[in-house]
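Below: one structure, written as structure tokens.
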Amino acid sequence: MKKRYFVATMLTAIFAANSLHAQPKDMMIRISEIAVDSNYVKEYAAILQEEARASVQLETGVIAIYPLYQKENPTQIRILEIYASRKAYEAHLKTPHFLKYKTSTLKMVKSLKLVDMDNIDPTTMADIFRKMKQ
């Protein structure tokens, strides 16, 4: 169920970005792969949840910041990040809520890998969403 929800959210975010007239070539999609110290998992998750909500609610260029964790290893966090453009991403890095997240969690993060992604087939998004509404 959670996997289906993640896919639906990811597709909704990509569709929303396209409907906001962001050119697919301008859109920035990234997956952040984060290993969190096991002593800080709950605290880290709470701070990340606050940051993700603020980013989506307050920043028009942030299409999605969707945090997830591996069921079998909750110290392994993944964040699907979708921005309308690189400029929106760069603006996001300067916001008070992101800076608070970054400074508050620095001691909690054991490793961070940023993986830039791209759409394979953005033209089928409308068909996918029509099926999901049925």
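The values are calculated or read from the model by the stated rules, or taken from the named source; none is laboratory data. On a predicted model such as this, the values are computed, not experimentally measured, just so you know. Reconstructed Cβ throughout: ideal geometry from the backbone, glycine too, with neighbour counts over all protein chains shown.
Details
- For region 45-65, residues that are within 11 Å of the chain's Cα centre (by Cα) and farther than 19 Å from MET108 by Cα total 7.
- A single member of ILE77, ILE63 is crowded, with 20+ Cβ neighbours inside 10 Å, at pLDDT 95 or above, touching a Phe, Trp or Tyr at 6+ places or on another chain (Cβ under 8 Å) and assigned to a strand (DSSP E or B), and it is ILE77.
- Test for LYS110: is it surrounded by fewer than 16 Cβ atoms within 10 Å (Cβ to Cβ), modelled with pLDDT of 95 or more and within 27 Å of ASP26 (Cα to Cα): no
- All positions within region 80-107 that are charged (D, E, K, R), in a helix (DSSP H, G or I) and within 13 Å of MET27 (Cα to Cα): ARG86, LYS87, GLU90
- Check on GLU33, loosely packed, with under 15 Cβ neighbours inside 10 Å, at pLDDT 90 or above and not β-branched (Val, Ile, Thr): yes
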